[in-house]
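Accompanying notes for the structure given below.
The values are calculated or read from the model by the stated rules, or taken from the named source; none is laboratory data. Note that the structure is predicted; figures quoted are calculated from it, not measured. Glycine gets a Cβ as well: all are built from the backbone with ideal geometry, and neighbour counts include every protein chain shown. Note: areas computed on protein heavy atoms with side chains; ligands, DNA, RNA excluded. Shrake-Rupley method; radii C 1.70, N 1.55, O 1.52, S 1.80 Å.
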Amino acid sequence: MVGGNLSTSDDYLPLARLLARSFTVHVVDRRGRGASGPQGSEYSLAKEVEDLHAVQAATGARLAFGHSYGGLVVLEAARSLPLFDRIAVYEPGVPCAPVPTAWMAPFRERLAAGDHYGAFVHFIQGSGGAPAFMAKLPHWYLRTVMRVVLRGPRWERMRSLLTACLAEHEQLAAQYGRLPEFADVTAPVLLLVGGRSRPEHRAEFTMLRDALPDASLETVDGLGHLSPTEPKSGPVVVARALPFLL
């Protein structure tokens, strides 16, 4: 199980526990998370793939689940080597359209100034994932709201990953134009997409399905991009969509 941006293995434990009823589950803390090493100055998607190769070799895992950026890591690893018999990915971060980058410079500036909430607001307003109304709110207002609603252990985990967030999105942006290369993935792939995701995003996942040699696309009603890590019903619904792996 390979997680996404701004998340650690802790965020995936509810889903992992559900899947552990049928599988032995290894939840990966990618670089910069948990007890794993730092991303390093030469961080790249290729380094993530090397790490996943090492985990697979150590565990013998023949099935893989990836979410968001973790889905990109899984598919890129499968593209380069036939590691897995079956793959399931939930809204994987394979860019089928140019990735917004204008937010990155002000994000970096706010982060350097120690303004984590301000940096986070630049990310959510500029990266393309925020609801339209949120993207239009004044920066100062949304920053104030975030200081009130984002607190506790989950925010502390996210705050510690903001630097990694930037590096990972720089890697995402660099992948645009590589969609045809994923025709090299030979394992059967299940693409899961949340029914609450934007229509244009769902259209991009259809493009990815068509680029993969052996893939099916399933829309899971009522779920959004973050549902695999949501604390209530999201993991339950995602787990129910994964008999494909059996």
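Solvent-accessible area of residue 120, probe 1.4 Å, all protein chains present, reported in Å² to the nearest ten, please.
Counting only protein heavy atoms, the figure is 20 Å².
When averaged across all projection directions, what area in nm² does the alpha-carbon convex hull of segment 1-95 cover?
Working: hull surface 24.0 nm².
That works out to 6.0 nm².
How tilted is helix 162-174 with respect to the longest principal axis of the chain? Cα atoms for both, answer in degrees (0 to 90, nearest 10).
Between helix and principal axis, roughly 60 degrees.
Using a probe of 1.4 angstrom, how much of the accessible area of segment 103-150 is carbon and sulfur, in percent? Walk me through the numbers before you get to the answer.
On the way: 1660 of 2600 Å².
Carbon plus sulfur share of accessible area: 64 percent.
Please turn the phi angles of segment 65-76 into ³J(HN,Hα) values with the Karplus equation 6.51 cos²θ - 1.76 cosθ + 1.60 (θ = phi - 60°), one per residue in order, whole Hz, x for glycine and proline.
Ordered by residue, 3J(HN,Hα) equals 10, x, 10, 6, 4, x, x, 4, 4, 4, 5, 5 Hz.
Given the protein chains as shown and a 1.4 Å probe, how many square angstrom of residue 53 are accessible, to the nearest 10?
50 Å²
Could you tell me the relative contact order of segment 1-119? Use alpha-carbon pairs under 8 Å, at least six residues apart, and round to a whole percent. Spell out each step's value before the answer.
Working: 141 pairs, mean separation 27.3, N = 119.
Answer for segment 1-119 is 23 percent.
Find the Cα radius of gyration of segment 94-214, compare it with 2.2 N^0.38 Å by division, and give the number to two decimals. Don't skip to the end; give the middle numbers.
On the way: Rg = 16.6 Å, N = 121, 2.2 N^0.38 = 13.6 Å.
The value comes to 1.22.
Within the accessible area of segment 181-225, what % is carbon and sulfur when the probe is 1.4 Å and the other protein chains stay in place? Before the final figure, lay out the partial values.
Working: 1020 of 2140 Å².
So the carbon and sulfur contribution to the accessible surface is 48 percent.
Over the chain, calculate the relative contact order: mean separation of alpha carbon pairs under 8 Å at least 6 apart, over the residue count, as a percent. Mind showing how you got there, number by number?
Working: 391 pairs, mean separation 57.8, N = 246.
So the answer I get is 24 percent.
Just to verify a number: what accessible area does residue 141 come out at with the full protein assembly present, 1.4 Å probe, Å² rounded to tens?
It works out to around 100 Å².
Cα centroid distance between segment 109-130 and segment 43-76, in Å?
Segment 109-130 and segment 43-76 have Cα centres separated by 27 Å.
Show that you can apply the helix-only estimate: for the chain, add -39,500 (n - 2.57) for every DSSP H stretch of four or more residues, divide by all residues, and state [θ] at 222 nm to the nearest 500. Please report the intermediate quantities before stating the final value.
Working: 11 runs with 116 residues, N = 246.
About -14000 deg cm²/dmol.
With +1 on each Lys and Arg Cβ and -1 on each Asp and Glu Cβ, and nothing else charged, work out how big the dipole of the chain is about its Cα centre, in Debye to the nearest 20.
On the way: 25 positive and 24 negative charges, 172 e Å.
With Lys and Arg at +1 and Asp and Glu at -1, about 820 debye.
Net charge around residue 158, counting only other residues with Cβ within less than 12 Å of its Cβ (Lys, Arg = +1; Asp, Glu = -1)?
Numbers: positive: 33, 151, 154, 157, 159; negative: 10, 11, 156.
Neighbour charge sum, excluding residue 158 itself: +2.
By how many nm would the segment from residue 196 to residue 53 lengthen if fully extended, with 0.36 nm per residue of separation less the alpha-carbon distance?
Working: separation 143, 0.36 × 143 = 51.48 nm, distance 3.28 nm.
48.2 nm is the gain from fully extending residue 196 to residue 53.
Using the heavy atoms of the protein chains and a 1.4 angstrom probe, tell me the accessible area per residue for the chain in square angstrom. Walk me through the intermediate numbers first.
Details: 11510 Å² over 246 residues.
Per residue, the chain has 47 Å² of solvent-accessible surface.
Largest first, how would 23, 107, 133 line up by accessible area (1.4 Å probe)? If you can, show how the numbers build up before the last one.
Numbers: 23 50, 107 0, 133 130 Å².
I get 133, 23, 107, largest accessible area first.
How far, in degrees from 0 to 90, does helix 199-211 lean away from the longest principal axis of the Cα atoms of the chain, to the nearest 10?
The answer is roughly 30 degrees.
Using only Cα atoms, tell me the angle between helix 116-126 and the longest principal axis of the chain; keep it within 0 to 90° and round to the nearest 10.
Helix 116-126 and the main axis of the chain meet at about 60 degrees.
Show me the three semi-axes of the equivalent ellipsoid for the chain, from the C-alpha gyration tensor (sqrt of 5 times each eigenvalue), largest first, rounded to whole Å.
The three semi-axes for the chain are 28, 19, 19 Å.
Express in nm, to one decimal, how much length is gained between residue 241 and residue 113 on full extension, taking 0.36 nm for each residue of separation and deducting their alpha carbon distance. All intermediate terms of the calculation are to be shown ahead of the outcome.
Numbers: separation 128, 0.36 × 128 = 46.08 nm, distance 4.30 nm.
Stretched out fully, the residue 241 to residue 113 stretch lengthens by 41.8 nm.
Report the calculated FRET efficiency for residue 101 and residue 207 (r = Cβ-Cβ distance, R0 = 25 Å), to the nearest 0.05. Walk me through the intermediate numbers first.
Details: r = 21 Å, r/R0 = 0.82.
For R0 = 25 Å, the calculated efficiency reads 0.75.
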